[in-house]
Number of protein chains: 2
Amino acid sequence: MAETEACSPVPGLAATAAVAPVQVVLAALADPVRLEMVRRMAAAPGRTERCAALYDDIGKSTASHHFKVLREAGLTERTSVGGVLHQRLCLDAVEAALPGLLPSVLSGLD
Amino acid sequence: MAETEACSPVPGLAATAAVAPVQVVLAALADPVRLEMVRRMAAAPGRTERCAALYDDIGKSTASHHFKVLREAGLTERTSVGGVLHQRLCLDAVEAALPGLLPSVLSGLD
DNA sequence: CAACAAGTTCGATCGCGATCGAACCCACGG
DNA sequence: CCGTGGGTTCGATCGCGATCGAACTTGTTG
């Protein structure tokens, strides 16, 4: 807490918070659950998706934890769509900070 | 042991073993020590460097462990240069499997 | 051939992160 | 104005991975 982090509780459109150091981004993407979340957002229209649509077989609290990690890595942000909370993938911001990384990871058909 | 892994003890030039799934590659790069190792190899001429030149403040056994992780992720391979063991970064193989990833990660001046 | 240097393997320890359940918050809809 | 659904926070547990030291392997050199 008391971080410089943009912890604003859904300020509408939080103007793309800064992307964290590579190390943090890599750690965030290294988890299978989170990578899947990122993939689903990337596939969604507007890179935005309902929280519940981003996971399948884990508890709500665990999912929320992963959301937080992704957010703190600067990969995603919160958005409110008609009163319903959504997670949005900051494609452009990440692409600007680490060009080529996301496309590469997302196309990883390994 | 008894894996399908190319555990060949320095066969001269192990013809670029296959790059592991994205998930594994990301996990390998997520560790600060390993990322630094990769950076040093990338900066070395021919992407090849003596093992001892790749780390600073950790034990030999720990370093060896990290070499193994990198190797099993398909990021590096062993080479023998005049009887001295070296680690070589498989730039081209990784670039072929995950184009843009390494350049992006290596230039991460975050 | 014997000694040594450089990596690897093995076994054990330790801390961090993934996970869960319960309690809490907040925005809507009756 | 109170109930309900969807996320978040909190506290505790558990397993995996990072680390180390010691023993082993191998290849080079005196």
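Read-outs: derived from the displayed coordinates by stated rules, not from any lab. Bear in mind the structure is a predicted one, so any value in this text is a computation, not a measurement. Positions of Cβ are backbone-derived with ideal geometry, glycine not excepted, and every protein chain shown enters the neighbour counts.
Here are some notes:
- Chain A residue with Cβ closest to the axis mapping A onto B, distance in whole Å: A:G100, 1
- Inter-copy label distances at A:G59, shortest first and taken from points set 7 Å along Cα to Cβ: 3.5 nm.
- B:G82 label point (Cα plus 7 Å toward Cβ) to equivalent points in the other copies: 7.1 nm, shortest first.
- Charge dipole magnitude, Cβ of K and R +1, D and E -1 - the stretch B:22-106, Cα centre, debye nearest 20: 200 debye
- The stretch B:22-106: relative contact order as a whole-number percent, Cα under 8 Å and 6+ apart: 30 percent
- Each copy carries a label point for B:A18 at 7 Å from Cα along the beta-carbon vector; from one copy to the others these points are 4.2 nm apart, nearest first.
- Prolate/oblate/rounded label for the stretch A:22-105 (Cα gyration tensor, a/c 1.5): oblate
- Other residues with beta-carbon under 10 Å from the beta-carbon of A:Q87 carry, at +1 per Lys or Arg and -1 per Asp or Glu, a net charge of +4.
- Residues of type lysines that A:K68 reaches as a straight line, Cα spacing below 28 Å, ignoring anything fewer than 8 places off in the same chain: A:K60
- Cα gyration tensor shape for the stretch A:46-88, rounded if a/c is under 1.5, else prolate or oblate: oblate
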